[in-house]
Amino acid sequence: MGRIRILSDNVANKIAAGEVVERPASVIKELLENSLDAGAFDIRIDAENAGRRLLRLQDDGCGMMRDDALLAFERHATSKLSDVKDLLAIATLGFRGEALPSIASVSRLLLETRSAEEQTGTAVEIAGGKLLRCDEIARPAGTTITVRDLFFNVPARKKFLRSDQTELAHIGSLVTHYSLGHPNKRFELYHEGRELLGVTPVSTLRDRAFQVFGSEVMQDLVEVSPRSFELRLPPPYVPPGAHQSEPPQPEMAEFVLEGLVSGPHVQRPNRNSVYLFVNGRLIRDRTLQHALTAAYYNLMPAGCYPFALLFLNCDPAEVDVNVHPSKTEVRFRHGSAVHDFVRDAVRDVLMESRPVSSMPLSASSPLHAPIGRPLVGQAPVQRAAELAFSEFSARVEAIALEPESAEMAVVEPPADPGQSEVSEIQINPVPHPAQNVEPIASLHSSKGVRHIPDTHGALDQVALDWERVDSLAALPDLRPLGQLHESFIVAAGRDGLWIIDQHVAHERILFEQILKQRAAGAVEIQQLLMPLVLQLSPAQHFEYARIADELNAHGLDTEPFGQRTIAIKAAPAGVGTADIEKIVFEILEIAESELRSASLDEIRRNVCATIACRAAIKINTKLEPKKIEWVLRALAACEYPMTCPHGRPIALRYSTKDILKSFHRI
Ligand code: ADP
Ligand code: MG
């Protein structure tokens, strides 16, 4: 007798449950999607013991007729597909017909439902995949599904569940984000009778986000108002001589993006606050995630992520959702066009809105609050939002708290260690602003060059009294007072005292300038008297071959000079000879490690950033008053004066209000 046999439905359902039902939140996801597909407007979810003991979802959707109520638990039973062609353009959230039988195979499930077309409702009870009863009941139209004792018959799965806090966080996150995806519907989430989320129907995403996150978080978010993009594809190829009644038409596909994103000052250590919806479906997708990271490129340090809530809508035929059993991944038909559209749309919004600058994070803002703090004593809705933010809290905190302060010794220590903190601040006075400001010709100095390490984390810890700058309107009116440690410009503004990091400020100015010159094909160059000859490693040589044209276009006029050797004959204006070699090696290094798969645009921005960094005024450099003036004016004229191209903050402000408070004047 052969050894292969067909598995029973019960075993097959349990196998499917392994993929579809990972934890209580996955049950909620499937039930929620079913309710939304059923056209529900009012959805209430109850959980007990973080969903282990009980999960119940009630909706006012179309309900099920008696026969359908039983059929729904058959494997691959769905009302959402009828033909294989339907698979090419799925407009519903569900389509696999797997969820209900899978959930019923690993729990004790009670379905109570009534279709508006029938007088009586139906109750179906199933435990561990076995049908216990099917009765007529009286109930309003709609559906209630109660799932008790999840994984009661799969002890191994139970062991994989995390703490109550984590499981609840997953549920909270899920419901919160589906509620954001459907502002016109009511969502309620209760845990053991305590309301975690309760939102009434509203007309816009912004209103819903306000309900969920509150006004403080909203301050940090910028709206991506709907932007559309039309993809035109050439008409399909028709072989000559083929009979065609009409000439082939070019294909068109429209994509619309909207949502909310944070300014670059919101820097999260992971992607937990990135929520991407494609046609109403919450998904994880590398193309979109990469597009988002690319939008913040040069605005945020590598390894940091924004908060984002993005909704991409398109023709269902443009996206294949049948990629993963839990339907959380998608595949785009025209991935790279979608990528560039999303990247450019988000970047444009960031540039247009010039949101708050990258200041030390104010402890009061929930987006910056330590993740995973206790949820007691907060407003219910905010608790759910907090749950959404607090996923995987332990891991996140561990990352966020990595010590970095050892690298903080940027400025010279005071000569006398006994000096008080105040006397450490030596301000070199600057006369009143000069009217004639001159551009920096040779600001860079080679003496005492030390690079500021990436200390954004440490800065957060040392400068908590310094406020975030909410508006850059004051930037053009700043009156320079002097320099601190020959590294930071101190200035008085309408709204308080400002400190500007001279190196990163100039870096941003040069970055934008070089980027513009590059786009216009008019980079200013300096011819070298003697070509600079560099020996490259095999890996560097490979990278060089790939980006040589880009280097040349940036004024780094290089050419091969024997085996793995290149000669540099010209360099961008303003870069010192000693730095040229470093720039080339740095660019080749970046290209090698980070940018292997980078687009031309990213390579371009990286080359610009490296040149700008090397050519910028160093710290520990005394600046003439006129030069300080120039830096402030040029910074004010920048498109994005808040962060340097590597995402570090440029300015700090001590507000007049805080100064008054500190002196007990208010
Ligand atoms: P799918 O959603 O992939 O079709 P499910 O197993 O999740 O598969 O559900 C099976 C079927 O049960 C659905 O196609 C739908 O017809 C019906 N159904 C499930 N939940 C509901 C609900 N809340 N309201 C109305 N019909 C539902
Ligand atoms: Mg479903």
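The values are calculated or read from the model by the stated rules, or taken from the named source; none is laboratory data. Bear in mind that the values here come from a model prediction, so they are computed numbers and not experimental data. Cβ coordinates were reconstructed from backbone atoms using ideal geometry, including for glycine residues, and neighbour counts include every protein chain displayed.
Points worth noting:
- Scan the range 148-165 for residues that are in a loop (DSSP other than H, G, I, E, B) and over 32 Å from the mean Cα position of the chain (by Cα) and the total you get is 6.
- Taking the range 280-308 as the range and being assigned to a strand (DSSP E or B) and either polar (S, T, N, Q) or under 17 Å from Phe255 (Cβ atoms) (or both) as the test, the residues that pass are Arg281, Ile283, Ala308.
- In the range 100-140, of all residues being in contact with a Gly (Cβ under 7 Å, 6 or more places away or on another chain) and within 14 Å of ligand 1 (Cβ to nearest atom), the one that is farthest from Arg53 (Cα to Cα) corresponds to Ala116.
- Selection status of Thr78, on the phi < 0 side of the Ramachandran plot, within 11 Å of ligand 1 (Cβ to nearest atom) and at pLDDT below 90: yes
- The conditions of being within 16 Å of ligand 2 (Cβ to nearest atom) and touching a Leu at 6+ places or on another chain (Cβ under 6 Å) are not met by Glu22.
- A search for C-beta distances below 6 Å between a residue of the range 133-153 that is more than 15 Å from Leu100 (Cα to Cα) and any residue that is of a type in the set (Gly, Ala, Ser) and more than 16 Å from ligand 2 (Cβ to nearest atom), counting only pairs 6+ apart in sequence or on different chains, returns Asp135/Ala123; Ile137/Gly121; Ile137/Ala123; Arg139/Gly121; Ala141/Ala116; Asn153/Gly128.
- Arg564 falls short of the stated requirement of being crowded, with 20+ Cβ neighbours inside 10 Å and of a type in the set (Lys, Arg).
- Selection status of Leu32, within 13 Å of ligand 2 (Cβ to nearest atom) and not aromatic (Phe, Trp, Tyr): yes
- Among the residues of the range 17-39, just one is of a type in the set (Gly, Ala, Ser), more than 16 Å from Glu98 (Cβ to Cβ) and away from ligand 1 (no atom under 11 Å from the Cβ), namely Ala25.
- Checking each residue in the range 78-118 for being within 16 Å of ligand 2 (Cβ to nearest atom), of a type in the set (A, V, I, L, M, F, W, C), assigned to a loop (DSSP other than H, G, I, E, B) and loosely packed, with under 15 Cβ neighbours inside 10 Å picks out only Ala91.
- The lone exception for Asp42 - which of (1) modelled with pLDDT of 95 or more; (2) near ligand 1 (Cβ under 9 Å from one of its atoms) it fails: (2)
- Just one residue in the set Pro239, Pro183 is at pLDDT 90 or above and part of a loop (DSSP other than H, G, I, E, B); that residue is Pro183.
- Per-region count, the range 40-59, residues more than 23 Å from Ala127 (Cβ to Cβ) and either free of Cβ contacts under 8 Å to residues at least 24 places away in the same chain or surrounded by fewer than 20 Cβ atoms within 10 Å (Cβ to Cβ) (or both): 3
- Scan the range 36-65 for residues that are closer than 17 Å to Ala104 by Cβ and assigned to a helix (DSSP H, G or I) and the total you get is 1.
- No other residue among Ala492, Ala473 is surrounded by fewer than 19 Cβ atoms within 10 Å (Cβ to Cβ), within 27 Å of the chain's Cα centre (by Cα) and at pLDDT 55 or above apart from Ala473.
- Phe73 vs. criteria in a loop (DSSP other than H, G, I, E, B), within 16 Å of ligand 2 (Cβ to nearest atom), surrounded by 14 or more Cβ atoms within 10 Å (Cβ to Cβ) and more than 37 Å from the chain's Cα centre (by Cα): yes
- Residue identified as of a type in the set (Asp, Glu), over 34 Å from the mean Cα position of the chain (by Cα) and modelled with pLDDT of 85 or more among Glu559, Glu550, Glu507: Glu559
- Residue count, the range 496-531 (criterion: outside any helix (DSSP H, G or I) and either in contact (Cβ under 8 Å) with a residue 12 or more places away in the chain or not aliphatic (A, V, I, L, M) (or both)): 14
- For Ala12, the stated conditions do not hold, so it cannot be described as outside any strand (DSSP E or B) and surrounded by 21 or more Cβ atoms within 10 Å (Cβ to Cβ).
- Among residues of the range 623-657 being acidic (Asp, Glu) and in contact (Cβ under 8 Å) with a residue 60 or more places away in the chain, the one that is surrounded by the most Cβ atoms within 10 Å (Cβ to Cβ) is Glu629.
- So Asp37, is it touching a strand residue (DSSP E or B) at 6+ places or on another chain (Cβ under 9 Å), among the acidic types (Asp, Glu) and either touching a residue at least 24 places away in the same chain (Cβ under 8 Å) or within 13 Å of ligand 2 (Cβ to nearest atom) (or both): no
- Test for Arg546: is it in a helix (DSSP H, G or I) and farther than 30 Å from Lys627 by Cα: yes
- Scanning the range 49-61 for residues that are within 14 Å of Arg139 (Cβ to Cβ) and either over 35 Å from the mean Cα position of the chain (by Cα) or near ligand 1 (Cβ under 8 Å from one of its atoms) (or both) returns Asp59, Gly61.
- Pairs linking a residue in the range 66-79 that is more than 21 Å from Arg139 (Cα to Cα) to a residue that is within 12 Å of ligand 2 (Cβ to nearest atom), with Cβ atoms under 6 Å and 6 or more positions apart or on different chains, are Arg75/Pro101; His76/Gly97; Ala77/Gly97; Thr78/Gly97.
- Check on Ala123, more than 23 Å from Ala12 (Cα to Cα), away from ligand 2 (no atom under 16 Å from the Cβ), in contact with a Cys (Cβ under 9 Å, 6 or more places away or on another chain) and in a strand (DSSP E or B): yes
- Filtering Glu125, Glu136 for residues that are buried (at least 17 other Cβ atoms within 10 Å of the Cβ), touching a strand residue (DSSP E or B) at 6+ places or on another chain (Cβ under 9 Å) and acidic (Asp, Glu) leaves a single hit, Glu125.
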